[in-house]
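Below: one structure, written as structure tokens.
The values are calculated or read from the model by the stated rules, or taken from the named source; none is laboratory data. Computed from a predicted structure; not experimentally measured. Counting neighbours? That spans all protein chains shown, and the Cβs are built from the backbone with ideal geometry, glycine included. Only protein heavy atoms, including side chains, enter the accessible area calculation; ligands, DNA and RNA are left aside. Shrake-Rupley method; radii C 1.70, N 1.55, O 1.52, S 1.80 Å.
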Amino acid sequence: MNATMKKEGSPPEPWLRGTLGEVPAVARAVLHALELAKEDLQEWCGDLADDELNTRPAGLPSVAFHLRHIARSIDRLLTYAEGSELTGDQIAALKSELDSGARSGETFAELLASLERGAARVRALSQQDLSAPRIVGKKQLPTSLGGLLVHVADHTQRHVGQAVTTAKIVMSSRK
């Protein structure tokens, strides 16, 4: 397979498959972004060995960091979307995202579980008032339910791109 393209015959991206028509538009877009994240990360990062997962080519954050960060930021952002504050466990998890020594199986299990839980949480949120106010972080920065939902999709995809790019760099140095 060419290191820059999807496999020939791959299905179109989730948002082009005509799925989730029963889900309101904003939630549908978020769910499609989470589904695409799962597919892309499994395709491009799923066969990395533990050492490759933790490699930091040219000082870039490792693929393991991005996988952990995606999983844990979905949880944090949806906590805010639900109108809650972060727990001590969520803050501790945030502080450990850069830790080295990640194991592929455990890291992917955390990621996949987070994507599943995240999709269920997105579905459970009321889509009636996307402009409902929400606050984020210690500084209590103002946003809205809709803003948080859009950011879940945007932030997830940003880190998927970084993880995939880093994985491609790591794979290019395989002998």
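Skipping prolines and chain starts, which residues have an amide H placed within reach, meaning under 5 Å, of the one on residue 134, given they are 5 or more residues away or on another chain?
Under 5 Å from the amide H of residue 134 lie the amide H atoms of 143, 144, 145, each far enough along the sequence or on another chain.
Give me the base-10 log of I(q)/I(0) for region 1-73 at each q in 0.19 Å⁻¹, Debye formula, one uniform scatterer per Cα, rounded to two decimals.
-0.92
Tell me which of 90, 170, 159 sits at the most positive position along the dipole axis of region 60-175, charges placed on C-beta atoms (Lys, Arg +1; Asp, Glu -1).
170
Could you state the accessible area per residue of region 17-175 in Å², with a 1.4 Å probe and every protein chain left in place?
Working: 8010 Å² over 159 residues.
Per residue, region 17-175 has 50 Å² of solvent-accessible surface.
With a ≥ b ≥ c the root eigenvalues of the C-alpha gyration tensor of region 72-114, is it rounded (a/c under 1.5), prolate (a/b larger than b/c) or oblate?
Numbers: a/c = 3.44, a/b = 1.68, b/c = 2.05.
Oblate, because a/c is 1.5 or more while a/b does not exceed b/c.
When only C-alpha pairs under 8 Å and at least 6 residues apart count, what is the relative contact order of region 1-125, in percent?
Numbers: 90 pairs, mean separation 37.7, N = 125.
Computed over region 1-125, the figure is 30 percent.
Charges only on Cβ, +1 for Lys and Arg, -1 for Asp and Glu: so what's the dipole of region 1-150 about the Cα centre, in debye to the nearest 20? Intermediate results must be reported in sequence, preceding the final value.
Numbers: 17 positive and 21 negative charges, 110 e Å.
That gives a dipole near 540 debye.
Using the Cα centre of region 1-144 as origin and beta-carbon charges of +1 (Lys, Arg) and -1 (Asp, Glu), tell me which of 114, 77, 137 is placed farthest towards the positive end of the dipole.
The one lying farthest along the dipole's positive direction is 137.
Write down the Å³ per residue value for the convex hull defined by the alpha carbon atoms of region 97-175.
Working: hull volume 9.9 nm³, N = 79.
So the per-residue Cα hull volume is 125 Å³.
Consider just the alpha-carbon atoms of the chain and return their Rg together with their Dmax, both in angstrom.
Radius of gyration, then largest Cα-Cα span, for the chain: 16.7, 54 Å.
222 nm [θ] for the chain, helices only, -39500 (n - 2.57) per DSSP H run of 4+, per residue, to 500?
Working: 6 runs with 102 residues, N = 175.
That calculation yields -19500 deg cm²/dmol at 222 nm.
Computing the accessible area with a 1.4 Å probe over protein heavy atoms, can you report the carbon and sulfur percentage for region 87-175?
Values: 3020 of 5250 Å².
The C+S portion of the solvent-accessible surface of region 87-175 is 58 percent.
Within region 28-59, which residues have the backbone N less than 20 Å from the label spot 7 Å out from residue 13 along Cα→beta-carbon, could you tell me?
Flagged as within label range: 28-46.
If the only charges are +1 at each Lys and Arg Cβ and -1 at each Asp and Glu Cβ, what is the size of the charge dipole of region 111-156 around the Cα centre, to the nearest 20 debye? Working shown, then result.
Numbers: 6 positive and 3 negative charges, 40 e Å.
With only Lys, Arg, Asp and Glu charged at Cβ, the dipole is about 200 debye.
Sequence gap at least 6, Cα distance under 8 Å: using those rules, report the relative contact order of region 60-110 to the nearest whole percent.
Working: 23 pairs, mean separation 28.0, N = 51.
It comes to 55 percent, rounded to a whole number.
For residue 109 paired with residue 140, estimate the spin-label separation in nm (one decimal), with each label point 7 Å from Cα along the Cα-to-Cβ line.
For residue 109 paired with residue 140, the spin-label model returns 4.0 nm.
Using only Cα atoms, find the angle between the long axis of helix 63-81 and the longest principal axis of the chain, and express it within 0 to 90 degrees, rounded to the nearest 10.
0
Between residue 157 and residue 95, 0.36 nm times their residue separation minus their Cα-Cα distance comes to what?
Going from the current span to full extension adds 20.2 nm.
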